[in-house]
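Here is the structure we will look at.
The values are calculated or read from the model by the stated rules, or taken from the named source; none is laboratory data. Note that the structure is predicted; figures quoted are calculated from it, not measured. Note: ideal-geometry Cβ built from the backbone for every residue, glycine included; neighbour counts use all protein chains shown. Surface accessibility is based on the protein's heavy atoms, side chains included, excluding ligands, DNA and RNA. Shrake-Rupley method; radii C 1.70, N 1.55, O 1.52, S 1.80 Å.
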Amino acid sequence: MSTYRQALQAKERLVKRWHKMPGVVGIGVGFANGLNRSGGMCVVMYTLNASASIRKSCPRSVAVRCKKTGRSVQVPVQRVTSGRCSCHPAFKPRATSRSLRSRIRPVVAGYSVGRPGISGTAGLIVARAANRAQRFLLSNNHVLNRNNTGGYTETLQPGGADGGRSGIDRIGRLYRFVRLSRSGVNYLDAALSIPLNNRLLAPTYARVGRIRGYVRSYSLGSRLKKVGRTTGLVGGVVTSINTDVAVDYGSYGGLGTIRFRNQTVIRSSRANSLPGDSGSVWLTSGNRAAAVNFAGSEDGRFSISFPIQWAMQAFGIRTAGAVASKVRAARSTRLSHTASTRCLSKKELSEVKKHLSRRIQR
């Protein structure tokens, strides 16, 4: 039975060989027996399809050396057909709950928000860690930023795909964002919008209520929930972490398909990440923010998300309105206390901040 550390070591070996495995869109770490922890850990490989050629290129196991015994351990590899993974802005209305696409003042998390022509989801209302007076709206770069550059972009509510009109429905503007890299390592797709007035943002969450803070980490197998502009209130299970994944951004910012490092895959029995759900924030059962959705699989049942802790680190923010902005770590598991997400290391945070924009002025 493989441990988390052994599975992570095997995953990193496969990432180095990714270019020799056509049809593989992601490589992460999960439980070998689905949600049954007793089976130990495995490498999870997400593929475009289940064709014979792809199955042939994916190994059934990867050998790593056990540090305690010095013996070789075979870490099993599980193949999951996800199809292509893409970022999910909405360019036009689609069948969904009309209430979440409507105009609302003040704006709360879970509702349609975006830029001219585009709709995503208002992820979370946040504030500076040092000065909580100023509120911001947290969502994705590709939702709040017109082309991955530092130009002025107004924030509309509802978003442009839901009838939001330039000027008339403007609630704020792009303030800061993490620039996405076509050739480098990406960790998060995130941006902040600053409102025209603080009263335009209310620190609450649609269909849930007040958020109690956020978690610094969460475990593999955690059950989460979120409200997205398109799918509404849905639940999901963390099925892989430390997942390197290729995400298709199409023509946005001239990016095409780019890679993200150490992402979380959250799986549901029905769609949880469809066009318009970009920016929606996953919550724990205790109503604490956990992860930010920014992309999904072709059928929408796999959400590609990053730990919200990373956005907190990058922007220096906290949950607005939470009592003392409570922060909790994930509970340890019997399998391994490390089978959970972690904060960005100093090196990783330094890399993220290289792509962090300055405060954008009009």
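Looking at the structure I just gave you, is Ser102 surrounded by fewer than 16 Cβ atoms within 10 Å (Cβ to Cβ), under 30 Å from Ile194 (Cβ atoms) and not aromatic (Phe, Trp, Tyr)? Yes: the conditions hold for Ser102.
If the condition is being closer than 16 Å to Leu100 by Cα and more than 20 Å from the chain's Cα centre (by Cα), then the stretch 205-230 contributes Arg207, Gly209. Looking only at residues of the stretch 13-32 that are outside any strand (DSSP E or B) and open to solvent by less than 10 Å² (accessible area, probe 1.4 Å), we find that the one that is farthest from Asn262 (Cα to Cα) is Met21.
Take the conditions (1) touching a Ser or Thr at 6+ places or on another chain (Cβ under 8 Å); (2) at pLDDT below 95; (3) of a type outside the set (Asp, Glu); Arg98 misses just one of them, which is (1). Considering only strands (runs of 3 or more DSSP E) fully contained in the stretch 118-236, which possess at least 1 residues that are touching a residue at least 40 places away in the same chain (Cβ under 8 Å) and closer than 22 Å to Gly253 by Cα? Here the list reads 118-121, 135-139, 154-156, 170-177, 191-195. Elements of the type strands (runs of 3 or more DSSP E) sitting completely within the stretch 245-303 and holding at least 3 residues that are among the polar types (S, T, N, Q), open to solvent by 10 Å² or more (accessible area, probe 1.4 Å) and more than 15 Å from Gly235 (Cβ to Cβ): there are none. Does Leu35 qualify as being under 30 Å from Ala289 (Cβ atoms) and surrounded by fewer than 16 Cβ atoms within 10 Å (Cβ to Cβ)? Here the answer is yes, as Leu35 does meet what is asked. Of all residues in the stretch 269-306, those that are out of contact with any Cys (no Cβ under 9 Å at 6 or more places or on another chain), under 20 Å from Pro89 (Cβ atoms) and hydroxyl-bearing (Ser, Thr, Tyr) total 4. Regarding Thr319, is this residue open to solvent by less than 90 Å² (accessible area, probe 1.4 Å) and either out of contact with any strand residue (DSSP E or B) (no Cβ under 7 Å at 6 or more places or on another chain) or at pLDDT below 75 (or both)? Here the answer is no, as Thr319 does not meet what is asked.
In this entry, Gly40 is excluded by the filter for residues that are outside any loop (DSSP other than H, G, I, E, B) and under 19 Å from the mean Cα position of the chain (by Cα).
Residues in the stretch 52-76 that are open to solvent by less than 40 Å² (accessible area, probe 1.4 Å), part of a loop (DSSP other than H, G, I, E, B) and within 30 Å of Glu298 (Cβ to Cβ): 2 in all.
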